[in-house]
Protein chains: 2
Amino acid sequence: MTATEKNHPLVVELTKHLPAGAVVTDPDLLASFERDSASLCDFHLPLAAVVPSTENEVRTAITLAAAHRVPVVPQGALTGLAGAANSVRGGIVLNTRRLNRIRHIDPANRVAVVEPGVSNKELREAAAEHGLTYRPEPSSWESSTIGGNIATDAGGLCCVKYGVTRRFVRGLRVVLADGRITAIGRSTIKGVAGLSLTDLFVGSEGTLGIITEATVALDTPAEAPLTLAATFHEATDAGRAVAAVRARGMTPSLFELVDRTTLRAIDAHARMGLGDAGALLIAQSDSGTGAGQELDIIAEACHEADAIDVVVGEDPAESEQLIQARRLAHPALEALGPLLVDDVAVPVSELAWIIGEIEALAQRAGLTIGVVGHAGDGNLHPAVVVDPTNPSSLEAAHRAINDIVDLALSVGGTVTGEHGIGLLKVPMLERELDPVAADLQRQIKELFDPHYLLNPGKVMTAPAVNE
Amino acid sequence: MTATEKNHPLVVELTKHLPAGAVVTDPDLLASFERDSASLCDFHLPLAAVVPSTENEVRTAITLAAAHRVPVVPQGALTGLAGAANSVRGGIVLNTRRLNRIRHIDPANRVAVVEPGVSNKELREAAAEHGLTYRPEPSSWESSTIGGNIATDAGGLCCVKYGVTRRFVRGLRVVLADGRITAIGRSTIKGVAGLSLTDLFVGSEGTLGIITEATVALDTPAEAPLTLAATFHEATDAGRAVAAVRARGMTPSLFELVDRTTLRAIDAHARMGLGDAGALLIAQSDSGTGAGQELDIIAEACHEADAIDVVVGEDPAESEQLIQARRLAHPALEALGPLLVDDVAVPVSELAWIIGEIEALAQRAGLTIGVVGHAGDGNLHPAVVVDPTNPSSLEAAHRAINDIVDLALSVGGTVTGEHGIGLLKVPMLERELDPVAADLQRQIKELFDPHYLLNPGKVMTAPAVNE
């Protein structure tokens, strides 16, 4: 950090008004606040990182930043995949990691009240002490925070059966851009008192306010799942199996698809003998005594769709083995090079089609694009391998992501199924939104944050005059 | 209608610009557009009722009304219970009953695209032709419309297991207060592209815009349910049974509680031999082959909570008999006099407590208050019997509702679990909302409808200067 930054009037005031340790200015430490887990997105060294321990400290930081018109980027565990938590030029970051108290667990009413920096894992463990669980389980659950999960409406592998984060958020406390504090939502199961401000904050990616407390629903845990793995010659066959399972009214608790390119990468990485298959489908059932029967029906659907091979794990240990290939997908692709990870969702019926199109696109562009998909809900993560030694490779990867987004939009899909807009998809958001809807979103943003101080440049950009 | 009203410049223009039959001005016919199903709420004869058949006609009506600064009250089937659809002084109503096309059913992706005037029953029947169903099932499902269901985020008996309307709404088309048309939301299962405007409209009670089309999720139907009915000496015993069922991780597909006062009314009305019981609990399971086992567990919980009697229906016919008492609750209470029906929700653990408090309150006030509750989600409908021959009776009933709302709020409950604010609860909304949250709600309302032309006086009132 240069002397200029340390002497920035906001940094001076933050240091003065906040407890020791709540303001990080050491450049070496600051580097760890620069960016989330999205590769290849823009980021900057922040002026300072504020790490508040109380809501009041959040308010102090926001009020001071507002007075100085300095941007604030809210952060959780930095596991996001769209650059939403990346620090912006001339701004500070406000990291919630120390707001990590579990305030209250009410087993009778199955709710938990937690601060935003509590990790998904910590909440899950605290709920387990009462024989309960917190359902939403994004892949980052071991480290990602509840605040971040809510800000991005996090999905994951389990939401095919249980729904995404939104469904479990009852109420929030937030610090607004002008430093006002408000409590929104409710703690009861049902409630329709006025507009749902809580739903407006879920998925708002830190652009409307800073979440300082969340009331979330807990649930009784499911049984340990049993797993089925089926290989297919072609993704279209796997797509037919998915459709057949759904047509039978069955909702697996996990339903994942791995494409040919990713299978080859996994094979190269871990020699699992999957290299010849065109697609791998993995399904789980957590229906306890009914699980075996559910997997039998799924197995039948796979055989009818000309599966090469169908294996059913007879117990949790075997089941865990069968899901290994899915877990290795990301590391195996990453072994090939830095990844630009996309996140589109399409109607489930278009799953096989878009995988075929992405394969053709990769061939035409001379790119390696591995696709892992949440087959049960039509959410795909094409990962483009970038060649760091070739400067045009990143550009080609961005072009490919662009094309994949267009493919998704052409069949009624969305530019982001669960990772959010962040920085990565800002140019694409308005391709999806109706212009009037985009206008309304911007007006709501400006109502909450007229000077675009909260996470500026994320989700939607300010009109040119404000920038 | 007086000549003045028929010659009101807006009515003249509406008649000129809309097709024959789309504008109702005959006072006898207009009377049927005056009010919804809430008793004892204020209403007025509208200047005219617009009954559009197309989105474009909606836009024409809204644009003309805006130009004349005449209020517009959106209406569906008028089954609402909070006066939200009641016509206001000097305004027109816009009734969606002719916007009743089912545009599209996509069985592979389990979505339906419908106009707002399609009834819940019609959508359910259309879905059934594809082996699917539309889950949300408010008590009014035979006549209430999808538009109305969405505008009120309708609940009902089944939502204890499947969730309320919000969970099934993916996207909307709306005509805004200034006549602009926009499409919001998505049709995919998952999606996080920007702020959730759809969730803002769900439950907004016609205050933000007119819904002209909805994309909703369909589902595979459940099995025909089996029913259990248990009587208890006291509501607190029933409350313990509810808690025990929940503690075992079981979610019945219906879980209803009927209090002592209502049981006496039912007995007087239909002689079902329930008059001695202090509470009736009815549970259903739609888990097919697992239903019997689920009801056994619920029966055990009831016995442990000192149930007087527990009966399990062995088949759908017997089950239907057991649920009769619940169905008769409202007619039986209505036989005693006009009802002021309340709708609070409390944490489930407070259910038995609040029923006891309401009983005490009724005794103190010399009122008859029957309580029927969605026990599984803590949502109660205390119904105060009003004596039409005694002018002070209505006032006493309103006071009782007020007191019940305060009881609910004192334990973290909400002033409305599923009926909405409408007219009935306007004075109570801001007792629940944090002042900053109330301010934000009003600012969002004003962003969408700066002149308070859409359903004015409902949910939240305009600041005095605008009235």
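The values are calculated or read from the model by the stated rules, or taken from the named source; none is laboratory data. Computed from a predicted model, the values in this text were never measured in an experiment. Neighbour counts run over all protein chains shown; Cβ positions are idealised from the backbone, glycine included. What goes into the accessible areas is simple: the full protein's heavy atoms, side chains included, and nothing from ligands, DNA or RNA. Shrake-Rupley method; radii C 1.70, N 1.55, O 1.52, S 1.80 Å.
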query = Which condition number does B:I266 fail, the rest of (1) of a type in the set (V, I, T); (2) under 30 Å from B:L132 (Cα atoms); (3) not in a strand (DSSP E or B) being met?
reply = (2)
inquiry  = Which of the numbered conditions does B:A437 fail, given that it passes all the others? Conditions: (1) free of Cβ contacts under 8 Å to residues at least 24 places away in the same chain; (2) open to solvent by 30 Å² or more (accessible area, probe 1.4 Å); (3) within 14 Å of another protein chain (Cβ to nearest Cβ); (4) touching a helix residue (DSSP H, G or I) at 6+ places or on another chain (Cβ under 8 Å).
reply    = (2)
task = Mind listing whichever residues of the range A:358-376 are crowded, with 24+ Cβ neighbours inside 10 Å and within 30 Å of A:R248 (Cβ to Cβ)?
result = A:I358, A:G370, A:V371, A:G373, A:H374, A:A375, A:G376
query = With A:G292, A:G337, A:G373 as the choices, which residue is within 14 Å of chain B (Cβ to nearest Cβ) and over 26 Å from B:A108 (Cβ atoms)?
reply = A:G292
task = Working carefully through the options B:R167, B:R180, find the one that is over 27 Å from A:D219 (Cβ atoms), charged (D, E, K, R), within 7 Å of another protein chain (Cβ to nearest Cβ) and open to solvent by 10 Å² or more (accessible area, probe 1.4 Å).
result = B:R180
message = Anything in the range A:196-218 that is open to solvent by 10 Å² or more (accessible area, probe 1.4 Å) and facing chain B (nearest Cβ under 8 Å)? List them, or say none.
response = A:S196, A:D199
task = Give the residues of the range A:254-266 that are in contact (Cβ under 8 Å) with a residue 60 or more places away in the chain and either surrounded by fewer than 22 Cβ atoms within 10 Å (Cβ to Cβ) or more than 30 Å from B:A127 (Cα to Cα) (or both), sorted by residue number.
result = A:V258, A:D259, A:R260, A:T261, A:T262, A:L263, A:A265, A:I266
request  = Quick one: count up the residues across the range A:377-402 that are open to solvent by 10 Å² or more (accessible area, probe 1.4 Å) and under 21 Å from the mean Cα position of the chain (by Cα).
outcome  = 4
ask   = Can you spot a residue in the range A:447-455 that is charged (D, E, K, R) and either in a helix (DSSP H, G or I) or facing chain B (nearest Cβ under 10 Å) (or both)?
value = no
message = Quick check on the range B:277-295: of everything there that is outside any strand (DSSP E or B), modelled with pLDDT of 90 or more and not small (G, A, S), which residue is farthest from the chain's Cα centre (by Cα)?
response = B:Q293
ask   = Any idea which of A:V160, A:V73, A:V93, A:V114 is away from chain B (no Cβ under 13 Å) and over 25 Å from A:P46 (Cβ atoms)?
value = A:V114
request  = Those residues that are under 27 Å from the mean Cα position of the chain (by Cα) and surrounded by fewer than 18 Cβ atoms within 10 Å (Cβ to Cβ), I need them from the range A:9-33; list them, please.
outcome  = A:L29, A:A31, A:S32
task = Please verify whether the range A:119-131 includes one or more residues that are within 16 Å of the chain's Cα centre (by Cα) and either assigned by TED's automatic domain parsing to the domain that holds A:V58 or hydroxyl-bearing (S, T, Y) (or both).
result = yes
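A quick yes/no check of all residues on (1) more than 12 Å from every other protein chain (Cβ to nearest Cβ); (2) closer than 23 Å to A:G457 by Cβ; (3) in a loop (DSSP other than H, G, I, E, B):
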residue: A:D387; (1), (2), (3): yes, no, yes
residue: A:S392; (1), (2), (3): yes, no, no
residue: A:E418; (1), (2), (3): no, yes, yes
residue: A:P427; (1), (2), (3): yes, yes, no
message = Looking only at strands (runs of 3 or more DSSP E) that lie completely in the range A:185-259, which have at least 1 residues being touching an Asp or Glu at 6+ places or on another chain (Cβ under 8 Å) and either among the small types (G, A, S) or farther than 30 Å from A:P382 by Cβ (or both)?
response = A:209-217, A:226-232
request  = Report yes if some residue within the range B:415-431 is open to solvent by less than 10 Å² (accessible area, probe 1.4 Å), of a type in the set (D, E, K, R) and not assigned by TED's automatic domain parsing to the domain that holds B:N149; otherwise report no.
outcome  = yes
query = Do we have A:S39 as surrounded by 16 or more Cβ atoms within 10 Å (Cβ to Cβ) and either among the small types (G, A, S) or assigned to a strand (DSSP E or B) (or both) here?
reply = yes
request  = Take the range A:14-34 and flag every residue that is small (G, A, S) and part of a loop (DSSP other than H, G, I, E, B).
outcome  = A:A20, A:G21, A:A22
